[in-house]
Each structure stands twice: as structure tokens, then as C-alpha cells.
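**Q** First, the structure itself, so that you have it in front of you.
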Amino acid sequence: LSVALRCFVFIVLSYLQIFRAVLRVPSEQGRHKAFSTCLPHLAVISMFASTAVVAYLKPPSISSPSLDLLVTVLYSVVHPAVNPLIYSMRNKELK
């Protein structure tokens with residue numbers, strides 16, 4: 001838990017620094033390009049982290065087989081399937 005928390009804090013602090021630097025870019029086109037690079041990665045990390053939190057940190061009192069199945073499917077099937085789609089959203093041909 002300590003290692004995971006440190007990683008999460010490091011990721012959040014890194015993205016705060018990135019966003020601060022991007023907001024200082026003078027051109028609108030430059031900011032748009034930088035955000036279009038960062039936001040898909042942030043979406044994937046958020047989806048992965050949120051399902052991991054639900055899977056591993058939920059209290060045993062709310063455990064149910066259907067919730068466990070849903071979290072398992074999100075964590076092991078949906079995330080890897082959506083990952084290439086999210087990263088390819090910058091591709092003009094796909095749009």
C-alpha cells in the first residue's frame with residue numbers, strides 16, 4: 001500500500017507540473033498539442049487506478065459476487081481493450 005500510494009502521489013505531482021508547464025506555453029496550438037498528448041495517458045491511468053482501488057480496497061462488508069465480477073471484467077478485459085483506442089484518439093485517420 002505504501003509503494004502504491006507513493007507511486008500515485010508521484011504521478012499526481014508529475015501531472016501537476018506538466019499542466020503548469022503546458023499552461024505557460026504561449027500558443028494555443030502548442031497547448032492543444034501538449035494536452036492531446038497527456039490526456040489520453042491520464043485517462044488510462046485513471047481507469048486503471050480506479051478499478052484497482054475498487055478491487056483491492058473495498059470493504060469486505062460490501063463484497064458481492066456480481067460486484068467482484070464487474071470489477072474483474074473492468075480490470076482485466078475492458079482496460080486492455082480500450083487502451084489502444086484511447087491512445088489512438090490523436091490519430092487523424094481514426095477520427
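The values are calculated or read from the model by the stated rules, or taken from the named source; none is laboratory data. All values reported here derive from a predicted model rather than from experimental measurement. Cβ: placed from backbone, ideal geometry, glycine included. Neighbour counts: every protein chain shown. Surface areas here come from the heavy atoms of the whole protein model, side chains and all, with no ligands, DNA or RNA. Shrake-Rupley method; radii C 1.70, N 1.55, O 1.52, S 1.80 Å.
**Q** Given PHE10, GLY30, PRO65, which one lies farthest toward the positive end of the charge dipole of the chain, if we put +1 on the Cβ of every Lys and Arg and -1 on the Cβ of every Asp and Glu?
**A** Sorting the options by dipole projection puts first GLY30.
**Q** Taking only protein heavy atoms into account and a 1.4 Å probe, give the accessible area per residue of the chain in Å².
**A** Accessible surface, normalised per residue, equals 77 Å².
**Q** Follow-up. What are the ³J(HN,Hα) values, in whole Hz, obtained from phi via the Karplus relation 6.51 cos²θ - 1.76 cosθ + 1.60 with θ = phi - 60°, for each residue of region 59-76 in sequence order, with x given for Gly and Pro?
**A** x, x, 5, 9, 6, 9, x, 5, 5, 4, 5, 4, 5, 5, 5, 4, 6, 9
**Q** Which percent of the accessible heavy-atom area of the chain goes to carbon and sulfur, probe 1.4 angstrom?
**A** 72
**Q** Once you place label points 7 Å from the Cα toward the Cβ at PHE19 and VAL82, how far apart are they in nm?
**A** A separation of 2.0 nm, rounded to one decimal place.
**Q** Using 0.36 nm times the number of residues separating THR37 and ALA4, minus their current alpha carbon distance, what extension gain do you get?
**A** 9.4 nm
**Q** Convex hull over the alpha-carbon atoms of region 12-95: what's its volume per residue in Å³?
**A** Hull volume over Cα atoms, normalised by residue count, gives 103 Å³.
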